[in-house]
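The values are calculated or read from the model by the stated rules, or taken from the named source; none is laboratory data. Note that this is a predicted model, so its numbers are computed, not measured. Heads up, the Cβs are rebuilt from the backbone with ideal geometry, glycines too, and the neighbour counts pull from every protein chain shown. Note: areas computed on protein heavy atoms with side chains; ligands, DNA, RNA excluded. Shrake-Rupley method; radii C 1.70, N 1.55, O 1.52, S 1.80 Å.
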Amino acid sequence: MMKGERGAALVVCGRMEVQFCRTVSALRLFFSFSSLQSLFWCHWAMVRKKGSLILCGAFLFVAWNALLLLFLWGRPPIGRLGEGGGAEPGAGEEWGGGKTKVGGANGLAGEVIRLAEEVESELETQKKLLKQIQSHRELWEQRKELGKRESEDTQDEKNIEELNKPQQIPAVPRSHKTIDDTKTVIEKQEVLMVTQPRLVMKEQEPEQEKKKMVENEVDRTKPSPQIIIPILVIACDRVTVKRSLDKLIQYRPSAELYPIIVSQDCGHADTARVIGSYGSQITHISQPDLADIPVRPDHRKFQGYYKIARHYRWALNQVFNVFAYSTVVIVEDDLEVAPDFFEYFRALYPILRSDPTLWCVSAWNDNGRDGLVNPGMADLLYRTDFFPGLGWMLLKEVWAELEPKWPKAFWDDWMRHPEQRKDRSCIRPEISRTITFGRKGVSLGQYFDQYLRYIKLNTEFVPFTKADLSYLVQEKYDETFEKEVYSAPLVKVEELQQGGSLKGSGPFRVQYSSRDSFKVLARNLGVMDDLKSGVPRAGYRGVVSFISRGRRIYLAPPEGWTKYDTSWS
């Protein structure tokens, strides 16, 4: 074959090779970018879930690949990077045999490899972009779910606030206003929006409606597993605070749900070291104002009571206004708690929140001495008109009411005044969930040797959160309580004492009619005889319930009691 013919053949082969490489590259790019673009728009459609964006993505996908294909087909031949830039023979050089031919082939292969590498690089970039989109999509979904939960929690809180508003339906008794009928009205409105016949059926089925209202009331008194209940420990200069903290930490089921805040007054260094030794298990705060408080001359011996009131005010403001909790359980540095201490308060929180006739929950029974309580009734709970303290739960709303008028001293007796109590009650147990081991204090052991050292601490874990405690709501409780008290046989105190002729296991009722008769009977029966603003310790509607010689006794005023006489204090 002649040299010219061989050259022409090589040119033709070269063009075919170039054309083939261009075609392969174009197809590779087409399918690679098509796959990526499909993935991209599928992910984007999943994230946005908008029909218009899906159509827009499909259009851009087709347009992009069409433009890419046209670009590659119309691109000049790939060749060596010499003058003229072409791959074909010419430009003053013959594409023939020898070294020149090999160089042209290597240049073509190099260009194809370079283009492939660029495509691979672009593919990697697209993959990274898709991974970022995927990660953002998961993050968006998590945030959306979190936002949904927060909105549900907020709505629940709003519903609780609405349901807690008093006097919403004047024709119905108070506890039903706040627990039953508000929800009934909402249900009827929802039914009306759905279908009228269903509303008619509900009106024709009062028994079913009443049953549902009772179920709703039980639901509102069930414990919320996620509410955070902080424990505020009021401390000063007792290094024995370690005993209190050890038991709190031992029985605490969750550090997240029950954060412990120790608020220290007095600036006592040894006590501060003991508190600090617990590290991250607790939060240690210090009351900054340690100065003496100006008092009138006859109150100088009560300086400690003034400082305690100041400390309580500061510490509670920290809990509610700085830490921003909605409730708190307050204990002092000389209290030891029972194994079911946390269970008790978690179970009773929704009762306290839902019943406006309650304003605290206490772990303490003033008459909780061994022999005055039934050891087999660890799950027995009462309402009481007497503020017990010594391990008690308070809501932020109640603190907002009390804080502006907080007293300078004797805060616990101040809490028992009618102006603060406002006919509200607390919940107390049959067997105390706290005991005090602090004989030394500002009261100089006034009641410790006579009463406090004998208080029985519960040792049995009672699963209160699994029990139905709705019986503690005022309307239910009052009806049952009065029936039990005033249906009990009326007896004289002499019949209950040793050698008395009284037979039977009880319950029995002993009646008092005046301040003096109450004190005499209380002393004879071994219960605390003091009254605050006319209210006896552990009393409810004037009635004090306790055990005497193994029998349930109600020390009660005459039937028809209406209110306390503040002159009895």
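Full extension of the segment from residue 423 to residue 497, taken as 0.36 nm per residue of separation minus the current Cα-Cα distance, would add 23.2 nm. Stretching the chain fully between residue 299 and residue 269 yields a gain of 8.0 nm (0.36 nm per residue, less the alpha carbon separation). Near residue 313, once Lys and Arg are set to +1 and Asp and Glu to -1 for all other residues with Cβ below 10 Å from its Cβ, the sum equals +1. Accessible area per residue (1.4 Å probe, heavy atoms of protein chains only) ranks 545, 567 as 567, 545, with the largest value leading.
Sort the stretch 521-569 into rounded, prolate or oblate with this rule: let a ≥ b ≥ c be the square roots of the eigenvalues of the Cα gyration tensor; rounded if a/c is under 1.5, and if a/c is not under 1.5, prolate when a/b is larger than b/c, oblate otherwise. Verdict is oblate for the stretch 521-569.
Ligands, DNA and RNA excluded, the heavy atoms of residue 277 present near 90 Å² of accessible surface to a 1.4 Å solvent probe. Amide H to amide H distances under 5 Å link residue 238 with no residue, where only residues 5 or more positions off or on other chains count and H is placed in the peptide plane. With kT/(6 pi eta Rh) evaluated at 37 °C and eta = 0.692 mPa s, and Rh the Kirkwood radius from Cα pairs, the stretch 337-433 diffuses with a coefficient of 233 µm²/s according to Stokes-Einstein. Placing +1 on each Lys and Arg Cβ and -1 on each Asp and Glu Cβ, with no other charges, gives the stretch 479-569 a dipole about its Cα centre of roughly 200 debye.
The calculated FRET efficiency for residue 280 paired with residue 475, based on their beta-carbon distance and R0 = 51 Å, is about 0.65. Positive-end ranking of 286, 329, 230 along the dipole of the stretch 228-371, with charges on Cβ about the Cα centre, is headed by 286. Note that the stretch 541-552 has calculated 3J(HN,Hα) couplings of 6, x, 9, 10, 9, 6, 9, 9, 6, x, 10, 6 Hz, one per residue in order, obtained from phi through the Karplus relation 6.51 cos²θ - 1.76 cosθ + 1.60 (θ = phi - 60°); glycine and proline are x.
Computed in the context of the full set of protein chains, the accessible area of the stretch 296-376 at 1.4 Å probe radius has 49% of its extent on carbon or sulfur.
With R₀ set to 25 Å, the beta-carbon distance separating residue 410 from residue 520 gives a calculated FRET efficiency near 0.40. At the residue level, residue 296 shows approximately 130 square angstrom of accessible surface with a 1.4 angstrom probe and all protein chains present. Per residue, the stretch 351-459 exposes 38 Å² of accessible surface when a 1.4 Å probe is rolled over the protein heavy atoms with every protein chain present. Hydrodynamic estimate: the Kirkwood radius of the stretch 414-569 over Cα pairs, inserted into Stokes-Einstein at 4 °C and 1.567 mPa s, corresponds to D of 74 µm²/s. Solvent-accessible area assigned to carbon and sulfur over the stretch 462-511 amounts to 50 percent, based on a 1.4 Å probe. Taking label points 7 Å from Cα along the Cα-to-Cβ direction, residue 323 and residue 568 give a separation of 3.8 nm.
Each residue was assigned an accessible area with a 1.4 Å probe, and for residue 569 the value is about 70 Å².
Largest accessible area first, the listed residues 349, 251 line up as 251, 349 when surface is computed with a 1.4 Å probe on the assembled protein chains. Computed over neighbours whose Cβ is under 13 Å from that of residue 508, the net charge equals +3, Lys and Arg +1, Asp and Glu -1.
Residues whose amide H falls under 5 Å from that of residue 552, counting only those 5 or more places apart or on a different chain, are 508, with hydrogens built in the peptide plane. Summing charges over neighbours of residue 341, with a neighbour being any other residue whose Cβ is under 11 Å away from its Cβ, gives +1 when K and R count +1 and D and E count -1. Binning the C-alpha pair distances of the stretch 289-384 at 10 Å intervals from 0 yields a P(r) profile of 11, 31, 32, 20, 5, 0 %, listed from the shortest bin outward. Taking GluC sites (Glu not before Pro) across the stretch 418-526, the ones in a DSSP loop with at most 15 further Cβ atoms lying within 10 angstrom of their Cβ are 460.
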